[in-house]
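**Q** I am attaching a structure below and will ask some questions about it afterwards.
The values are calculated or read from the model by the stated rules, or taken from the named source; none is laboratory data. What you are looking at is a predicted structure, and each value in this text was computed from that prediction instead of being measured. We place every Cβ from the backbone using ideal geometry, glycine too, and count neighbours over all the protein chains shown. Surface accessibility is based on the protein's heavy atoms, side chains included, excluding ligands, DNA and RNA. Shrake-Rupley method; radii C 1.70, N 1.55, O 1.52, S 1.80 Å.
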Amino acid sequence: MHLSKHDLFQMNDEWLKKLPAELLLEVSKRLLHDVKELQDRLNQNPDNSSRPPTSQAPWAKTGDSEEQSGVADESDTADAAAERATGSAKEQASPVDGQRSSTKKGSGRRPGKQPGSPGHGRSQKLAITARCEHRPELCAACAAALSTDAASQAYTAWDEVDIALQVEGLIGLTFRVTRHTLLEVSCSCGHVSRAQPWRAPADGQWEKVELGEWRLVGPRLAGVIVLLALRMRLSRASIRELLMEMFELTLSTGVIDETIREAGRASLPLEDALVADIVQAAQLHVDETSWPESGVLLWLWALVTTHTTLFLIGPRSREMLENALQDGFPGILISDGYGVYRAWENRLRCWPHLLRKLRGLAESSDARVSGVGQEMEGIMKTLMAAIYAARIDPPPEGLPARYAKAIERLRHLCEAHRMDDHSVLRSVVREFLYDWNVILRPVAEPHLPLSNNAAEQALRHWVISRTISHGTRSEEGSRAFAFLASLIETCRRRGASAWQYLGTVIAAARKGLQLPTIPAIPATV
């Protein structure tokens, strides 16, 4: 690079006009050299340089362009934001309502074991620690009640490995192996009836996921597996290795994956209860981050209240949020500047997002733009400090009156540069003007939050999980992942054990019983 930031600060249109032709040519050569070098840097990616794969934009990883994936900048103009806030068709090029179609090219084979491959049965022999017999209660032919003393014989059985209930005062986990025996009983009518394990009816949303009693993995062990996979971010293979190393229990990766999906299906009916808790909250933090699903760019949404969290995977659209909130959300919605959120009038903007944009302007190589950015950033920081101070000792005249001149100056800067030639400056000040009342609302109501940290912190764990796992591989997998993550995070916020609660949910769902309610919100002290 020929020119430093210090050099660029001294250059502007007027300075260039005053240069003699020979000097102007020399400056142009240096600028051209720097522009080409910068262009080469911008063109670097994991395929042509030593940049890590994580430096690549999510839409570039999946082969989708920014426009195709519905990615919108927070600094949209008012007109563009209004168009995006209506959920226009142009924004919805990514799949909607579960209509996912991958553009990823491959061999055409399904992942996993292929048809015709040699099969492998279970070879580990487990010592039986408990037995449970299942007798038919009614005759399948005449519907007569079968006597509990009637002669019976076993016709099949299955073993269930589970974690025993903890004894008070003891720590650690104890495994038990229960043999469930299905009996057949003869009726006086001459018909032989057989006990049947309960199985959930077919569900179009879970075509490849069965739910029922006949399972090797018990419900409490299933809860631990879900916790290891999601909260601890372990792969199926790592969970298999951990169970073998620590407990000498051999489970295949297929059984582990099936267990996680089954847990998702078992717990999904609780989604309405989470949504009801969210809709009743006074404040809702919302944010989203990219999420790949088998080559399709989707988005992981986080809806966070004080005691409840709901994650959703789907397109980055207004309809996605509206469907989640069902009949609407009367409380205050806190978000960044993405155009979709502008459909909600009762909302707040995240100030740290705005301050980062102003910091970008302040660090611009254009001295004029840098000066505007520094002044706007200074005003916002002054207002932020005043809001925090007012929460402790509110001024008698109120913050809007005390800082009227600073607010007026901020408005003047925005109005003066709304048609500026510098695209970034123009975009930022228009964003301020479009959301003016929303941004400055905490000045009049200092008790309101200034940041969207709750939603961003809720997503941070799963962003790391995305980096490790590269997302999900199917619609069923995304559905199971999102809701199990919701239950785990909600239990954590309410001070409850996630894996033990999941165990009770899975146990009830496998028998077709009513699911236990979500752990209660702790009483405030």
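**Q** Can you name the residue in region 446-501 that is over 27 Å from V209 (Cα atoms) and in contact with a Lys or Arg (Cβ under 7 Å, 6 or more places away or on another chain) and is also most open to solvent (accessible area, probe 1.4 Å) among such residues?
**A** In this case the residue turns out to be H447.
**Q** Here are the criteria: (1) in a helix (DSSP H, G or I); (2) within 30 Å of L300 (Cβ to Cβ). Tell me which single one L450 does not satisfy.
**A** Checking L450 against (1) in a helix (DSSP H, G or I); (2) within 30 Å of L300 (Cβ to Cβ), the one that fails is (1).
**Q** Could I ask something else about it? If you take the residues in region 126-168 that are open to solvent by 50 Å² or more (accessible area, probe 1.4 Å) and of a type in the set (D, E), which one is modelled with the lowest pLDDT?
**A** Once the filter is applied, the top-ranked residue is E168.
**Q** Taking W351 as the residue in question, decide whether it is crowded, with 19+ Cβ neighbours inside 10 Å and at pLDDT 95 or above. Write out each step before concluding.
**A** Working: crowded, with 19+ Cβ neighbours inside 10 Å: yes; at pLDDT 95 or above: yes.
So W351 passes the test.
**Q** Got a sec? Which of S238, S188, S147, S193 is assigned to a helix (DSSP H, G or I) and of a type in the set (S, T, Y)? Can you show your working first?
**A** On the way: S188 fails: assigned to a helix (DSSP H, G or I); S147 fails: assigned to a helix (DSSP H, G or I); S193 fails: assigned to a helix (DSSP H, G or I).
None of the others qualify; the one that does is S238.
**Q** Considering each residue of region 287-314, count those that are open to solvent by less than 10 Å² (accessible area, probe 1.4 Å) and part of a loop (DSSP other than H, G, I, E, B), and give that number.
**A** Count: 1.
**Q** Read through the list (1) open to solvent by 50 Å² or more (accessible area, probe 1.4 Å); (2) farther than 19 Å from R479 by Cα; (3) in contact (Cβ under 8 Å) with a residue 12 or more places away in the chain, then give the number of the only condition that M244 fails.
**A** (3)
**Q** Please work out which one of (1) assigned to a helix (DSSP H, G or I); (2) open to solvent by less than 30 Å² (accessible area, probe 1.4 Å) is the condition R409 fails and give its number.
**A** For R409, the exception is condition (2).
**Q** In region 356-370, is there at least one residue being touching a residue at least 12 places away in the same chain (Cβ under 8 Å), under 30 Å from D272 (Cα atoms) and buried (at least 18 other Cβ atoms within 10 Å of the Cβ)?
**A** Kept after step one, since they are touching a residue at least 12 places away in the same chain (Cβ under 8 Å), are these residues of region 356-370: 357-362, 364-370.
From the residues that got through so far, the ones that are under 30 Å from D272 (Cα atoms) too are none.
No, there is no match, as no residue in region 356-370 is touching a residue at least 12 places away in the same chain (Cβ under 8 Å), under 30 Å from D272 (Cα atoms) and buried (at least 18 other Cβ atoms within 10 Å of the Cβ).
**Q** Here's another thing I want to ask about it. With S123, S186 as the choices, which residue is within 20 Å of T253 (Cβ to Cβ), out of contact with any helix residue (DSSP H, G or I) (no Cβ under 8 Å at 6 or more places or on another chain), open to solvent by 40 Å² or more (accessible area, probe 1.4 Å) and not basic (K, R)? Spell out the reasoning first.
**A** Working: S186 fails: within 20 Å of T253 (Cβ to Cβ).
Exactly one of S123, S186 is within 20 Å of T253 (Cβ to Cβ), out of contact with any helix residue (DSSP H, G or I) (no Cβ under 8 Å at 6 or more places or on another chain), open to solvent by 40 Å² or more (accessible area, probe 1.4 Å) and not basic (K, R), namely S123.
**Q** Also, I was wondering about something else. From the list E345, E271, pick out the single residue that is among the acidic types (D, E) and under 16 Å from the mean Cα position of the chain (by Cα).
**A** E271
**Q** Looking only at region 424-445, how many residues end up being open to solvent by less than 50 Å² (accessible area, probe 1.4 Å) and in a helix (DSSP H, G or I)? Even if it seems obvious, please write down each step before you answer.
**A** Taking region 424-445 as the starting set, the residues that turn out to be open to solvent by less than 50 Å² (accessible area, probe 1.4 Å) are 425, 427-429, 431-433, 435-436, 438-440, 442-443.
Then keep just the ones that are in a helix (DSSP H, G or I); that gives 425, 427-429, 431-433, 436, 438-440, 442-443.
Residues flagged as open to solvent by less than 50 Å² (accessible area, probe 1.4 Å) and in a helix (DSSP H, G or I) within region 424-445 amount to 13.
**Q** Looking at region 305-354, which of its residues are hydrophobic (A, V, I, L, M, F, W, C), touching a residue at least 60 places away in the same chain (Cβ under 8 Å) and closer than 19 Å to V443 by Cβ?
**A** Listed by number, the residues that qualify are I332, I334, L348, C350, W351, L354.
**Q** Let me ask another. Over 16 Å from S290 (Cα atoms), modelled with pLDDT of 95 or more and outside any helix (DSSP H, G or I): is that true of L484 in this structure? Before the answer, list the steps.
**A** Working: over 16 Å from S290 (Cα atoms): yes; modelled with pLDDT of 95 or more: yes; outside any helix (DSSP H, G or I): no.
When the stated conditions are applied, L484 does not pass them.
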